[in-house]
Each structure stands twice: as structure tokens, then as C-alpha cells.
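Trainee: Got a structure here, written out as C-alpha cells. Questions coming.
The values are calculated or read from the model by the stated rules, or taken from the named source; none is laboratory data. All figures in this text were calculated on a predicted structure; none of them were measured in a lab. When we count neighbours, we look across all protein chains shown, and the Cβ atoms used for this are built from the backbone with ideal geometry, even at glycine. Side chains included, ligands, DNA and RNA excluded: accessible areas come from the protein's heavy atoms. Shrake-Rupley method; radii C 1.70, N 1.55, O 1.52, S 1.80 Å.
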Amino acid sequence: MTTNRRILPLPLDEMDPGQRKLAKLGADTVIQVLARNPELMEASSGLGAYLLSQGRLQPRIRELMILRVALRAEAPYEWANHVPAALGAGATADEINALSAPEARWAPEDEAPLRAADELCAGAFVTDETWAALAANHDDAEILEILFLVGYYRMMAGVLNSAGIEPKPGQPELGRPVEAAAQVETVGTERPSSGRTGPDGKWEVTFAHPAGSKLILLDLKASGDSLTGSMWDTQLGVGVAIATGTINGDRIDFTAEMTDPMRFDLVVTALIEGDTFTGSITISGGGTFPFSGVRAD
């Protein structure tokens, strides 16, 4: 790749609100560069959003395939941004490191998609042997998604490398061993117990992700065994209403659908113990992550 920035990122204050929200989802530099051609960014973002959040492939193998493409295309920015995504989607550091090892052995359901990525990067063709191995575990719709996934990220590698978009300091470096994600602990503000029980009220909780944690504000309302309310993403500046919610003793479960700036289905399961909130959030296509915090009112 070139070491020169051939296309300068558009400053955030010159981007429209929708573009800024996309940048805050991650990979902000590439969004700022693509914003130089907003029509092209909108068109390409649709396919990227589908592959990342609405596709059929399991998040873990999807991210491992993207990382294999980054290695084959020598794309450091793509690698830097998808190592945390792979860890968040359930891949281990050992698995990520094995992507660089020719002697690594994979389970058949992993080996076939990774070999397909290798073949498409090398010769733009999946061999009969690899196709048969893919068909053993994937239907036609999933195989098509595998082909599009590799093609999309091979294309993006060419864009990133040619435009001179470099990783930020401290991000995972292409070719360097990856370490296991650190366990993130959320420590609530020390305060006297409110003496309250149940989910009613406002909560400040932290969504912990290998790429960086963020503060989420919850406003919950119990009615019998039903739960309503909303959640507010302080980083993106967007909120969504709870679609369905239930209460079973100290446990709550709810779903929500985020549509701005991209569509993600969210599923939250948590335990409420006095003024503490602990549980997990599952993001469609993204994986499951710790989600904990304290009562805010």
C-alpha cells in the first residue's frame, strides 16, 4: 500500500449528521474518506451493512474470512478494524493468529470458507474441491454470501491500500501476534443503596466490546410481567424503544431494533439486584457482549 494519504478524510464537522453517525460506528477514517463521494458511500454502505448485520453467515467465521482477505491483500487497516470484531464475535486470539500459519489445521466447516477466500484472492475462482466442501455445510444462499463477502472486502482492501488509509496508533498490526481480549469490568459509582428493587427507573450501563466500551442509558418501566422503555446510545446519539420485554423475578429480557444509522436487532438479558444491572447484549451479526451498570435515579 502507499504510505501517503492520497485522499484526505473529510473533517467530521463537514459531514452531514448521518455520515457522522456512520463514522462513530467504527472505521471512522474510511467513512471520512468515502464521504468525499457521498453517493458512492451510500451505495457501498448498503452492501456492507447487509453483510455485517443481516447476512446468514455466523459472525465468527465471517470475521475470520475478512481477516484472511486482509492478510492475502496485505490490508493493514482492514486487519486493524476487524481483529476486535472477530474477538467480539467469538473467535479466539489463537484462531486469529492461525490465519497466518500455513500449517494450521481447521475444522472442515471453517477450512472450506477460508480456502475459498484464499482461492478468490489468488485467482478469482473457487475450485470444484473447495465448492464441494462448502456445499457440505452451506446452502446456495450462504455460498453466494461467502462469494460476495470475499469480493466486497477484497474490493475494500484495494480502496484502503490505494487511498493510503492507515490504522490508528495502538490498533492491531498486520502480521503481529494478537493477544486475547482483556476482560472489561464495569465499576459502578460508589453510592448508598437506594433500597429499591426491580427494573423501574433509569440506569447507566456499559456495553463492553473489544473495540471499545460505550455508555448506554436505559429508561425502564415494569407492568406486571411486562417491560417497556427505551435505550439511548450516548456515543451515536440515537435512541430506540423496547419492542418486547418480560420480567421473571430478578431477570429481565427485552428486544429492540436499531435502524439509525444501520439496522441491528438487539437482545438483552440481565439480572437486576437492587441498584446493579448485569447481563449481556446480543447484536445481530455481531456477537454477544457483557452489559452492566448501576441505577441512575
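Trainee: At R0 = 22 Å, how high is the FRET efficiency between ARG105 and THR288 if r is their beta carbon distance? Nearest 0.05 is fine.
Mentor: The formula returns an efficiency of 0.25 here.
Trainee: In debye, nearest 20, what is the charge dipole magnitude of the stretch 28-90 about its Cα centre with +1 on Lys and Arg Cβ and -1 on Asp and Glu Cβ, if you could check?
Mentor: Roughly 300 debye for the stretch 28-90.
Trainee: Read phi for every residue in the stretch 70-84 and hand back ³J(HN,Hα) as whole Hz from Karplus 6.51 cos²θ - 1.76 cosθ + 1.60, θ = phi - 60°, with x for Gly and Pro.
Mentor: 4, 5, 5, 8, 6, 10, x, 5, 4, 4, 4, 8, 9, 4, x
Trainee: Can I ask one more? Suppose each label sits 7 Å from its Cα in the direction of the beta carbon; what would the TRP131-VAL238 distance come out to in nanometres?
Mentor: About 3.9 nm, to one decimal.
Trainee: Here's a follow-up. Using a Förster distance of 41 Å, how high is the FRET efficiency between SER226 and ASP28, based on the Cβ-Cβ distance and rounded to 0.05?
Mentor: After rounding, the FRET efficiency stands at 0.60.
Trainee: Accessible area per residue, 1.4 Å probe, Å², for the chain: what's the number?
Mentor: 51 Å²
Trainee: Here's a follow-up. Contour minus end-to-end for ALA141 and LEU8, with contour as 0.36 nm per residue of separation and end-to-end as the Cα-Cα distance?
Mentor: Working it through step by step, the gained length comes to 44.1 nm.
Trainee: Pick from PRO84, PRO76, PRO38: which is most flexible by mean-square fluctuation in a GNM of the chain where alpha carbon atoms under 10 Å apart are linked?
Mentor: Looking only at PRO84, PRO76, PRO38, the largest GNM fluctuation is found for PRO38.
Trainee: Which ³J(HN,Hα) values in Hz, rounded to whole numbers, follow from the phi angles of the stretch 267-274 under the Karplus curve 6.51 cos²θ - 1.76 cosθ + 1.60, where θ = phi - 60° and Gly and Pro get x?
Mentor: Residue by residue, the stretch 267-274 yields 10, 10, 10, 8, 10, 9, 10, x Hz.
Trainee: Treating cross-link reach as a plain straight distance, find the lysines whose alpha-carbon is under 21 Å from the alpha-carbon of LYS168, omitting any fewer than eight places away in the same chain.
Mentor: Cross-link targets: LYS21, LYS24, LYS214.
Trainee: Also: State to the nearest 20 debye the size of the charge dipole of the chain about its Cα centre, where the only charges are +1 on K and R beta carbons and -1 on D and E beta carbons.
Mentor: 660 debye
Trainee: Can you give me the solvent accessible area of ARG251 with a 1.4 Å probe, rounded to the nearest 10 Å²?
Mentor: 110 Å²
Trainee: A follow-up question, please. Any idea how far apart ARG56 and LEU217 come out in nm if each label point goes 7 Å out from Cα toward Cβ?
Mentor: The answer from the label model is 4.2 nm.
Trainee: Right, something else. Report the paramagnetic label zone for ALA180: residues of the stretch 262-293 whose backbone N is under 18 Å from a point 7 Å from Cα along the Cα-to-Cβ axis.
Mentor: In the stretch 262-293, the label zone of ALA180 (backbone N under 18 Å from the point 7 Å along Cα→Cβ) covers 288-290.
Trainee: Separate question: Leaving ligands, DNA and RNA out of it, work out the accessible area of TRP232 with a 1.4 Å probe and give it in Å² to the nearest 10.
Mentor: 120 Å²
Trainee: Another question, then. Could you work out [θ]222 nm for the chain from helices alone, using -39500 (n - 2.57) per DSSP H run of at least four and dividing by all its residues? Round to the nearest 500 deg cm²/dmol.
Mentor: Calculated from helices alone, the mean residue ellipticity at 222 nm is -12000 deg cm²/dmol.
Trainee: Once phi is turned into θ = phi - 60°, what whole-Hz ³J(HN,Hα) does the Karplus curve with 6.51, -1.76 and 1.60 give for every residue of the stretch 46-52, x standing for Gly and Pro?
Mentor: Listing the rounded values in order: x, 5, x, 5, 4, 4, 8 Hz.
Trainee: Magnitude of the Cβ-charge dipole of the stretch 200-297, K/R +1 and D/E -1, about the Cα centre, nearest 20 debye?
Mentor: 180 debye
Trainee: Let me ask something else about it. Among LEU160, PHE148, ALA132, whose Cα lies farthest out toward the positive end of the dipole of the stretch 127-169, if unit charges sit on the beta carbon of Lys, Arg (+1) and Asp, Glu (-1)?
Mentor: Final value for the positive-end residue is LEU160.
Trainee: Tell me, how many Å apart are the Cα centres for the stretch 247-276 and for the stretch 1-67?
Mentor: About 27 Å separates the Cα centre of the stretch 247-276 from the one of the stretch 1-67.
Trainee: Given the options GLU39, GLU111, GLU74, state which has the largest fluctuation in a GNM of the chain using a 10 Å cut-off (strictly under) for Cα springs.
Mentor: Taking springs between Cα atoms under 10 Å, the residue moving most is GLU39.
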